[in-house]
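Beneath this line is the structure, given in C-alpha cells, with notes to follow.
The values are calculated or read from the model by the stated rules, or taken from the named source; none is laboratory data. Model, not experiment: these values are computed from the prediction. All Cβ positions, even for glycine, are placed from backbone atoms using ideal geometry, and neighbour counts span all protein chains on display. Surface areas here come from the heavy atoms of the whole protein model, side chains and all, with no ligands, DNA or RNA. Shrake-Rupley method; radii C 1.70, N 1.55, O 1.52, S 1.80 Å.
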Amino acid sequence: MLDKKKIYFILGVIIAVALIAEYCFAHPHYHMIWNTVPGADIVLGFAGAWLLILLAKKIMAGLLQRKESYYDEGGERHDG
Amino acid sequence: MMDNFLHPGLLMIITGLLTLITGKEILRRVIFIAGPVITLCAVAISGADKLTTMFGIIFSLIAVVAAIYNINVKDRLELAAEAIYAGSSISVVFATSWIGMLVFWELMAVSSWLIVVSSRTEEAGKAGFRYLVVHMLGGNLLLAGIVIKLAQGSTAIECLTGTCDAAYWLILAGVAVNAAIPPLNAWIADAYPESTMGGTVYMGSFTTKVGVFCLIKIFAGTELLLYFGVFMAVWGACMALIENDLRRLFGYHIISQVGYMVASLAMGGEMGIDGAAAHAFNHILYKGTLLMCAGAVISATGKRKISQLGGLAKKMPVTAGCFLVASMAIAGFPLLNGFVSKSLIMGAAASYEIHWAELLLTLASIGTLMSVTLKVNYFVFWGKTDKDVDVNLDAVTLNRKIAMIIGAGACVVTGLFPDIVYSLTPYGTDGHPFTVDHVTQYIQLFAAAAVVFVMYAEHMQPKEKITLDTDWFYRKPLKYAINGISLLCDNIRCATGNAMGRFFANANMYLHNPHLIAERIFGLKPKAPRNCIEDDDVLQKPAGWLVAVNFAVFTAVLLFVFIYIHR
C-alpha cells in the first residue's frame, strides 16, 4: 500500500489537472459561485468532508452510539 | 391491472409457487432463473407507460442477477419468498387500480418478512417481527387512505399532489414507510442485516424502490418531500460513516440514495422526475452489486463487522474488484452509472434554482464517497492491516462471482453509455453528464475529500458499537410502556380478583351462618365460632333462643299480614 505522502502527491496532481481543465475548457451551465469559479469544488470537497467528519464522528457518534449489548438486556448481540 | 396481457408480476409469483413445489433441484434451478428472464421479456413487450416499463425492466433484471447469485440455496421456502417478493413488487408497479396496488403491497410485506426470517436465527426472528409490524402499520395506513379514495369514487391510481385531504396524508404515510422516509426508516438497518445473503440483495432492490415509484406516480412535485429527501441523503451518509456492521452500513446508504430520489421527484418537472427514475434504476444495479459483494465477504469470513475484517483484496480479488467498481458508482465517479443519474438530479436542483438542496446533495455525495468508496474499501479490502482474517473461498461459488461481475459490468455499461438509462426515463431528459464542468467538478470534489480521508484515516475505523436509530422508540420506551401497562392491568386484575374473593368468602360465611347477621346487627355474642366456614358442625349446633326470637318475629309478621288482608 502506498504511504501518505505518495497519496497526497497523486491526489494533488489529479486536483491540479482537473483545475487546469476546468479553467481552460469548462463552460458552466449555471451561475452560482460554486459553478463559475474554477476550483470552488476543491474548497467544497475539503470543507464538506471535514464538516461531515465533525458531524458524524464527533456529534452523532457521541449521541447515538451505545455498547453492542444495548438491546439485549445483558446478553451479547448476535455476532455473525 | 393490464387487461390484454399476461401480467409480468404474476409470472414471477407463479415462478415462486413452482419453486416451492418443485422437488427436483435441477428443475427448480431452471425455473428460478427462467422465471425472471421470461418476466423481463414480458415487461419489455407489455406496452405499459415508460415509467412502469422502466421500473419493470430493472426489477426483472435484478431478479435475474439475484437468481444467479442465489441458485445454490437449498431452502425452497426462501427461494419461493424471493420470487414472490419480486413478483409482488413488479405487480405494484404494473397496478393501475388502488385495490391492485394494495393487495400486492401487502403480499410484498409478507414475502419480504419471510426472507428476513429465512436465516432462522433468533435475531432474525425478532428483527423480522419488528419489520412485519412496521410494514403492516404502513399497509394499514395505505388501506385507510385507499378506502377514502374509493369512497370518493376514485378507483384508478392518480396523482394526488396538491389535494392535501385525509386520503392524501394517509397514502403518503403508507408509501413513506416503504420509501424509508424518516422517522419511518429504521426497519432497513434493523432487518436487512439479519436476512440471508441472497435475500438482502432482493430486499435492497425492491421495497424502497417501489416506494419511490409510488411517490413519483402519486406525489411528484410535493415540496414537503424535498426537505425529507435532502435530510435522508445527508443523514444516511453520516450514519454510514460511523456504522460498523457491513450490511447495516449499506442499509443507511439505501436511505441516503433514496433521499436523492425523493428530493428529485419532489422538485418535480421533467428533469426531476427523470432524475428520480434514472437514479432508482442505477441504484438497484450498484446497490445490488454492493450487497452481493458484502454477502460474499460475510459468507467467506463469517464476520459482519468492519472492525473484524481487513486485507481481503488479495484473498478475494473478484469480490474486491466488483466492490470497488460498484462503490465508485454509488459515489458518482465519472464513467460509472451513479454519475449519470446524479447529473440529472443536480441539474434539476441547479436549473430550478434550489441552491441549498444542490449544496446539501453535493455534501451527501462526499459522505457517500467517504463512507463506502474510501472507508469500506480501505478497511475491508485494500488497506494495510495486521489482521489475518480466515477466508473460506468455497463460500464464494462460481455463480456468485458471475452475478457480481454482471452487476459491476452493468454499472460500467450504463455509466459509459448513459443514453441507455436516459432513453428509458419517462420524459427522456438528457443529463449531459460528460461535459468538462461536470467531470472536473466531481474529480475535484472527490480528490479534495480523499485528502481529508487520508489525513484522518486512523480515526475512520468504526468502533465496535451499535448506532441508535428511530427503532429505539419502539425497542426501548415503547417496550417499557407496554410492560408498564400490562403490569398495571395485571395489578388491577389481581386486586379486583382478591376483592371479589373476599366479598364472596364473607357472603358465603353469612349465608352459611345467619347467626352472624344478627350478631352484627344486634351486637349479640356468638354461641357458634365466628369462622363458620372452617367449622362444619356449626349448622348442627342448637340454634338457641336467637332462632326462637327470629321465628316468633317471622310468625308475628305473617299473622299481621294475614289479618290485615282478611279484615
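Per-structure values
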read-out	value
Nearest 10 degrees, 0 to 90: helix B:477-512 Cα axis against chain B principal axis	10 degrees
C-alpha center-to-center spacing [the stretch B:164-203, the stretch B:258-318] in angstrom	17 Å
Calculated [θ] (222 nm, deg cm²/dmol) that DSSP helices of n ≥ 4 give over chain B, each run adding -39,500 (n - 2.57)	-24000 deg cm²/dmol
Fraction of the pair-distance distribution of the protein assembly as shown above 35 Å, Cα-Cα pairs, percent	46 percent
0 to 90° range, to nearest 10: angle between helix B:122-151 axis and chain B longest Cα axis	90 degrees
Fully extended contour minus Cα-Cα distance, from B:ILE492 to B:ASP430, at 0.36 nm per residue	15.6 nm
For B:SER97, distant residues with modelled amide H under 5 Å away	B:ILE157
Accessible-area composition of the stretch B:220-461, carbon plus sulfur, in percent [1.4 Å probe]	65 percent
Computed E for B:ILE148/B:THR96 - FRET, C-beta separation, R0 22 angstrom, nearest 0.05	0.70
Rg/Rh for the stretch B:202-272, where both radii come from Cα atoms and Rh is the Kirkwood radius	1.02
The stretch A:1-63 and the stretch B:227-257: distance between their alpha carbon centers, rounded to Å	21 Å
Chain pair B, A: total accessible area buried, heavy atoms, 1.4 Å probe, Å²	5400 Å²
Reachable aspartates and glutamates, given that their alpha-carbon falls under 18 Å from the alpha-carbon of B:LYS314 and they are not under 8 places away in the same chain	B:ASP386, B:ASP388, B:ASP390, B:ASP394
Cα centroid of the stretch B:354-425 to Cα centroid of the stretch B:81-159, whole Å	29 Å
Per residue value of the accessible surface for the stretch B:157-261 (all protein chains in place, 1.4 Å probe), Å²	18 Å²
Flagged links, alpha-carbon separation over 31 Å, of B:LYS126/B:LYS342; A:LYS57/B:LYS217; A:LYS5/B:LYS209; B:LYS315/B:LYS342; A:LYS58/B:LYS342	B:LYS126/B:LYS342; A:LYS57/B:LYS217; A:LYS5/B:LYS209; B:LYS315/B:LYS342
Alpha carbon Rg of the stretch B:76-126, scaled by the compact-globule rule 2.2 N^0.38 Å	1.25
Sequence ranges B:399-406, B:485-492, B:365-372, A:11-18, ranked by mean other-Cβ count within 10 angstrom, highest first	B:365-372, B:399-406, A:11-18, B:485-492
Helix A:40-53 vs. chain A, principal-axis angle (Cα, 0 to 90°, nearest 10)	10 degrees
Ellipsoid equivalent to the stretch A:4-64 - semi-axes via the Cα gyration tensor, in Å	29, 19, 6
